[in-house]
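The values are calculated or read from the model by the stated rules, or taken from the named source; none is laboratory data. Model, not experiment: these values are computed from the prediction. Cβ placement follows ideal geometry from the backbone for every residue including glycine, while neighbour counts extend to all protein chains displayed.
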Amino acid sequence: MPRGVRAEVPQRQDEPLFVLDKNAPPGQTRRHEIVTQVGPGGEAIAVKGYDLPRDVGADSPIPGIPMPEAHALQFLRDSSFIVMRKNGTRIPPAMIAKEGGTGGFELPEDETIAKWDELSNEALFRRCKAYADSLDIAESTAKSKKIAFLKGKIKRTAGVSRGSENVVGQMPEAELDRFPEMVSGTGANVLDTIDA
C-alpha cells in the first residue's frame, strides 16, 4: 500500500447488519458511499456503494440491505437511516454532537450523561464508526485510542461571555461595518450604532 494511505481495518467476521434509508422514495433506492480507503491528505480514494431502499417489504427474509458492521455503523450518524440486526432489532443512532450546536437539551428517560471512560468498548466503537475517517479503529482498538479519536471530533464553540467578546468572529463580514467599536475595541455602546 502506498505511503500515507490508510485502509479499513479488518473487523471481526460477525453477521452483517442491515440498513434502510427513511428518505428514499417509496419503491426506489438512494445511493450512499462508505469510505474504505483514505489518502495521505485525508481524501477518499476507495469507496463502497450501497443502494438503500425505504423498506424491503413484508415478505422479505431480511430486514434491510446487508453490509459489514463497520459500514452500517457509519449510518448511525443520521437518524434518517435505520440500522438493524438480522432479527430486526434496531440499533439506536449514535449521539454525535452537531458542529456549532449550543443551547440546552432534554435527555430522554432512558439516557444519561457519562464520562468517556464510563462508556463500554462497544459503545465507544459504535460512536467511532459513525465517522467516515474511523477506518483504523477496530473493536479491539484500545479504549484510550477510541476516546482520543472521539475527543478529536468535538469542536467547542466560543460563546459570548462579556459584552461583544467573541462576537466579531461569529458575525458576517458585511455586518462589521455597522459595529465599528467591536472591531476597534473602543467600547462604545453597540445600540448607539444600530440604524433605527
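Tabulated values for the structure
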| item | result |
| --- | --- |
| Flag if SER140 is at pLDDT 85 or above and among the polar types (S, T, N, Q) | yes |
| Residues of the range 24-48 that turn out to be without any contact (Cβ under 8 Å) to a residue 60 or more places away in the chain and either among the hydroxyl-bearing types (Ser, Thr, Tyr) or in a strand (DSSP E or B) (or both), as a count | 9 |
| Of residues in the range 87-115 being among the polar types (S, T, N, Q) and either modelled with pLDDT under 75 or more than 21 Å from LYS153 (Cα to Cα) (or both), the one nearest to the chain's Cα centre (by Cα) | THR102 |
| Residues of the range 49-78 classified as farther than 19 Å from SER134 by Cα, of a type outside the set (A, V, I, L, M), surrounded by fewer than 16 Cβ atoms within 10 Å (Cβ to Cβ) and touching a residue at least 12 places away in the same chain (Cβ under 8 Å), total | 3 |
